Amino acid sequence: MRHPPKLLRATLTASLVLVATAGAGVAGPLEDSDAAFRKRDYATALQLLRPLAEQGFAKAQYDLGAMYSSGLGVARDYAEAVKWYRLAAAVGFAKAQYGLGTMYARGEGVPQDYAEALTWYRLSADQGFVGAQYTLGELYAKGEGVPRDYVVAHMWYSLAAAQAERGGGDLSKSAAAARDKVASKMTPAQIAEAQKLAREWKPKPER
């Protein structure tokens, strides 16, 4: 199961520069770690993130997992990345759920398991995370790890594309193009069904 390099780069960059509202006492160190990352001072970012991650702050746990999965400031260690992703994913952090799903899809740090990958992708997508929604569209469109289903693919692409106005950026534009490509292979009835599913979709709370 392959994922577009642009998607992975965009997800990592966006996640590591996003400041989470994890509490007044944590905002400062998180902001400092984000600033260090933007400067490519990964050693400082790591020094700031690790104690926060060990204290149980999901944003820091996710960022630490992302650093280990990409080898930024540390030796690449997929098992360590899975450890931190899993901790943040367990408390409902959408980006960590997406990251953990990707590790299972690729078999990095864990045995490759498409069913487990889909579980985590869906949890992330259900919260509205555009990367997971786009990825689910890709999987259903191509039939990777799931039976090919253009209706479901169209729905997820549509949801990802709809986030363009809410900061989805280039990924949302890619989703719109992918949705239109899938639509060319669908009947009018299938398109109507997919549009209905997208309209009725509601984000779910963290879980």
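The values are calculated or read from the model by the stated rules, or taken from the named source; none is laboratory data. Bear in mind the structure is a predicted one, so any value in this text is a computation, not a measurement. Cβ placement follows ideal geometry from the backbone for every residue including glycine, while neighbour counts extend to all protein chains displayed.
With respect to the conditions (1) buried (at least 21 other Cβ atoms within 10 Å of the Cβ); (2) within 18 Å of L52 (Cβ to Cβ); (3) free of Cβ contacts under 8 Å to residues at least 60 places away in the same chain, Q97 falls short on a single one, namely (2).
Every residue in segment 59-113 that is aromatic (F, W, Y) and over 17 Å from Y42 (Cβ atoms), please.
In the first step, residues of segment 59-113 are kept if they are aromatic (F, W, Y); the result is 62, 68, 78, 84-85, 93, 98, 104.
Result: Y78, Y85, F93, Y98, Y104.
For segment 109-122, the criterion of a residue being more than 24 Å from M186 (Cα to Cα), among the basic types (K, R) and either touching a helix residue (DSSP H, G or I) at 6+ places or on another chain (Cβ under 6 Å) or assigned to a helix (DSSP H, G or I) (or both) is satisfied by no position. The residues listed here are Y134, Y150; of these, the one that is of a type in the set (S, T, Y), within 15 Å of the chain's Cα centre (by Cα) and assigned by TED's automatic domain parsing to the domain that holds W201 is Y134.
Taking the numbered list (1) in contact (Cβ under 8 Å) with a residue 24 or more places away in the chain; (2) touching a helix residue (DSSP H, G or I) at 6+ places or on another chain (Cβ under 6 Å); (3) of a type in the set (D, E); (4) part of a helix (DSSP H, G or I) in turn, E138 passes all entries but (2). Right, G28: closer than 30 Å to E144 by Cα, out of contact with any Pro (no Cβ under 8 Å at 6 or more places or on another chain) and free of Cβ contacts under 8 Å to residues at least 40 places away in the same chain or not? No: the conditions fail for G28.
All conditions in (1) touching a Ser or Thr at 6+ places or on another chain (Cβ under 7 Å); (2) of a type in the set (A, V, I, L, M, F, W, C); (3) surrounded by fewer than 22 Cβ atoms within 10 Å (Cβ to Cβ); (4) at pLDDT 95 or above hold for A81, with the sole exception of (3). Taking the criterion of being in contact (Cβ under 8 Å) with a residue 24 or more places away in the chain, surrounded by fewer than 22 Cβ atoms within 10 Å (Cβ to Cβ) and not in a helix (DSSP H, G or I), would at least one residue in segment 151-167 satisfy it? No, segment 151-167 has no match at all. Within segment 70-77, at least one residue is part of a helix (DSSP H, G or I) and within 15 Å of the chain's Cα centre (by Cα).
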